[in-house]
1. How charged is the neighbourhood of B:SER29? Take every other residue with its Cβ under 11 Å from the Cβ of B:SER29, and add Lys/Arg as +1 and Asp/Glu as -1.
2. Relative to 2.2 N^0.38 Å, what does the C-alpha radius of gyration of chain B come to as a ratio? Two decimals please.
3. Just for the Cα atoms in the protein assembly as shown, what are the lengths along the principal axes, largest first, rounded to whole Å?
4. How big is the gap, in Å, between the Cα center of region B:329-357 and the Cα center of region B:35-73?
5. Whole-Å semi-axes of chain A's equivalent ellipsoid, largest first, each the root of 5 times a Cα gyration tensor eigenvalue?
6. Straight-line reach from B:LYS74: which lysines fall under 21 Å, measuring Cα to Cα and dropping same-chain residues less than 8 apart?
7. Counting Lys +1, Arg +1, Asp -1, Glu -1, what net charge surrounds B:ILE311 among other residues with beta carbon under 15 Å of its beta carbon?
8. How big is the gap, in Å, between the Cα center of region B:360-388 and the Cα center of region B:189-215?
Amino acid sequence: MTSAALFATSAALGLLVLLGGAYGVLYALGAARSSPSLTGAGYACYAGQLLLVLVVCLGSPLASLWKLFMAVSGVVYGFIPPATWRLLDSIHHNQLQ
Amino acid sequence: MYRSQKLALRYFIAAITLFGVMIAAGLLSALYYIDPALLYNVFDFQMAKILHIDTLIIWLLMGFIGAVYWFLPKELGREVVGIWVAELLFYVFCSAVAVVAVVFVVVQYGGSNEFSMWFINQGRKYVEAPRWAAVGVVAVVLTFVFNVTATAWQARRITGVLGVLILDLVPLAVLYLDAFPKITNMSHDLYWWWWLVHMWVEATWEVLIGCLMAWSLMELMGTSRRIVETWLYIEVMLVLGTGILGLGHHYFWIGTPQYWLSIGGFFSALEPLPLLGMVVHAVYDAGTHHMKTTNRPAFYWVLAEAFGNFIGAGVFGFMMTLPQINLYSHGTQWTVSHGHFAFWGAYACGVIAIMYLVLQRTRSAEHFDSRAWKWGFGLLNLGLVGMVGGLLIAGITQAIYERAEGGSTLQAFVAASEHPWFRSAMYARFIFGIVFALGYFALVYDLLAIGRRAAVAAPTQAAPA
């Protein structure tokens, strides 16, 4: 791996998780405040994350299996915030009843 | 107040004192990178580093133990069984830490013989304490495990959080025994040594802080037991599922079979996923309570724990965990950067949050707020982010110039260490280290002062029988 590829790949991987986190936070804030704009911003971050997955898969020197892993985990990231929110909400509501 | 809660306060005082020693040793360690000849042959870098990383482990461990001694009697409604042994061992623990620190500072090192291992330095990173002290740590931890399990047994009651905690304490105690074998083959030795370091930090400690955060959330926000326990089970399953085999991401350059690199890369790449869930949980809890709380410092430190853990362990970890990157980043300042952020986010913020929570109870303050905690919070987090930023730049410089371009030769190591990016980053690390130290003083001042005025006005809490 060249030093430029090392730096670019690593920065892309870090940014990828950061965008996943931003998606989680904005989605949750949007749901908490019933704000479609915050939820929309969350989805925009997720779209950015998917775009970055594409860039990593097409442009990085990672081995094929790791690229497959990145593609699958990119999809999984999409489910985590809504699934977590629904789970927390259902536990909370069951508790209140 | 129960006796075990008074013991918890003593543990917190010891923990915060050692936190200060850790910072002082860290600042000194940072200075060697600016002036490598500093205190040459008087007090070398490795001794400052040993003090820095060993006090890190001990202060957090004392914080955890104190937190459990605080929450346990509340959870079970009774005094901790065998509390007098725990009280006695607290003083033994503190004395042992002091003696070991004096030996590290004054004697420093000895020859390659049994005497050195037993009385000066055991020689394994993070568990350098000489063997007599390591035996003492085992005694303290076993007493702690006994206190917790015997109290649950006597109370004839087990809660979800307590059950997880008891199950977690078994591997936590057993894994420390890994510090003892005398293995002469270095690959074998490092293979098992990582079991202790990794399984503590990325498995058993994660579960332990999860239990402590569960109790804290119930107290801080009144979150129902059912919510925290359900979430705790999911979290523990995910953290252990990804964390245990993530062990392989440490097995670089030590002679372990190659398959470990892929196993470690795969499972550690999954580690950010539960952390993302935790961040959503933090926002959910904050949103449910509309950011309103009677203890703002504890609340903000809990939030810092969730976000710091995600960024430090998740983002910084994922940047370098895939084997093709890890080959270059492993053992550089890049790893140090990740380690600093992850320890801070995952554990230090949590322990500080619990300290504030406990102080609100002991000082009977209805509303816990001050100006000083904001200074402590701001300076500590700013200092930490600045330090890890500096270390990240230094580490990337090493990965590029020493590893990718220089081919990991000694000459390349020296060249990377003299590179302007590396040197500037080390200056930045030291400057932000001072900011961090200022934050520590603000934190200590606040811990001493916060809520005292309210305590005078409010009636003192009745002690349970």
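The values are calculated or read from the model by the stated rules, or taken from the named source; none is laboratory data. Please read all numbers here as calculations on a predicted model, not as lab measurements. Positions of Cβ are backbone-derived with ideal geometry, glycine not excepted, and every protein chain shown enters the neighbour counts. Areas reflect the complete protein model, heavy atoms only, side chains present, ligands, DNA and RNA absent. Shrake-Rupley method; radii C 1.70, N 1.55, O 1.52, S 1.80 Å.
1. Numbers: positive: B:LYS49, B:ARG429; negative: B:ASP44.
Here the charged neighbours net out to +1.
2. Numbers: Rg = 21.9 Å, N = 465, 2.2 N^0.38 = 22.7 Å.
Normalised by 2.2 N^0.38 Å, the Cα Rg of chain B equals 0.97.
3. Over the protein assembly as shown, Cα extents along the principal axes are 68, 66, 42 Å.
4. 13
5. On the way: eigenvalues 208, 38, 17 Å².
Value: 32, 14, 9 Å, ordered largest first.
6. The reachable lysines, counting only those whose Cα sits under 21 Å from B:LYS74, are B:LYS6.
7. Numbers: positive: none; negative: B:GLU271, B:GLU305.
In short, -2.
8. The two parts, judged by their Cα centres, are 26 Å apart.
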